[in-house]
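Take a look at the structure set out below.
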Amino acid sequence: MPSDIAQNLASVEARIAAACSAADRDPSTVSLLPVSKTHPMDALREVASHGYTLFGENKVQELVAKSAELSEDDGFGFSVIGHLQTNKAKQVAELASEFQCLDSAKIAVALDKRLQPLGKRLPVLIQVNSSGEEQKSGIAPEEVPGLVDELTACDALDVRGLMTVAIKGDEPQVAACFERMLELQRRLRDAQALGSSWDELSMGMSGDLELAIAHGSTCVRVGTAIFGARDYGPLA
Ligand SMILES: *Cc1c(COP(=O)(O)O)cnc(C)c1O
């Protein structure tokens, strides 16, 4: 009997394939980032055995703990998908394979400073607050061009695109978030900002990946639909 995880993964892959087909998109243009926060390394290893090489984590503490358990044989790394404080930039610079939550010049400078001595370039996405909700992390869409101007000095950051967490709402509200991202991507491309092609659009999660793919997402970040519900323990 296949495990729940194997079955869940197969059904997420099928959802992505169906969404690509409906949107007339080549499935190779959409990657799946399994979001493994709160789940044990054994669960990550099982997903990795299906060919996944990057896992989303949102807490530096957990990135550090899981990296300590990681061996070369595991053959996977971590993408940081949670807001970062400058005092944790060192760990992210050392341990992460990707950073999807760039939301200030301060973080950019802190990361760049830690990456330079390592001789490491980190693939980075700018996290945008596409819903305007006050509690959401990410930078407002209209502030992105200003941030981008400040990134020219940070050459250890390989800026590849944009990331967002859409509103939890009805379909038109979610679609409006994704459309704001496409609009911003067009602006950045037109301005030839940073010489990046701005190809990466990380958007879509367990609940809204089909709509995100219909709007051009290149990376869906899926936790619950693969690993099951998260247990944050008694302190959550
Ligand atoms: C936890 C998380 C996800 C995954 O959410 P699910 O609804 O469990 O698929 C995606 N993106 C970010 C930024 C997250 O923190």
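The values are calculated or read from the model by the stated rules, or taken from the named source; none is laboratory data. This one's a predicted model, so the numbers in the text were calculated from it and none came from an experiment. No Cβ is skipped: glycine too gets one built from the backbone with ideal geometry, and neighbour counts run over all protein chains shown. For the accessible areas, the whole protein counts, side chains as well, though only heavy atoms, and no ligand, DNA or RNA atoms are used. Shrake-Rupley method; radii C 1.70, N 1.55, O 1.52, S 1.80 Å.
Show me the ranking of peptides 127-138, 4-15, 160-171 by mean Cβ neighbours inside 10 Å, starting with the highest.
Output ranking for 127-138, 4-15, 160-171: 160-171, 127-138, 4-15.
What accessible area per residue comes out for the chain, rounded to a whole number of Å², with a 1.4 Å probe?
Here the residues of the chain average 49 Å² of exposed surface.
For region 128-226, would you read off the P(r) tail past 15 Å as a percentage of all alpha carbon pairs?
61 percent
Where the Cα atoms of the chain are projected onto their three principal axes, how long is each span, largest first, in whole Å?
53, 41, 35 Å, listed from the longest principal axis down.
Could you work out what % of the accessible surface of the chain is carbon and sulfur, using a 1.4 angstrom probe and leaving DNA, RNA and ligands out of the count?
49 percent
Counting only residues 5 or more places away or on other chains, whose amide H sits under 5 Å from the amide H of residue 99 once H atoms are built in the peptide plane?
80, 124, 125
Below 8 Å between Cα atoms, with a sequence gap of 6+, how large is the relative contact order for the chain in percent?
It comes to 21 percent, rounded to a whole number.
Per residue of the chain, what 222 nm ellipticity follows from adding -39500 (n - 2.57) for every DSSP H run with n ≥ 4, rounded to the nearest 500?
-11500 deg cm²/dmol
Sorting check: for 75-84, 196-205, which peptide has the highest mean count of neighbouring beta carbons within 10 Å, and how do the rest follow?
196-205, 75-84
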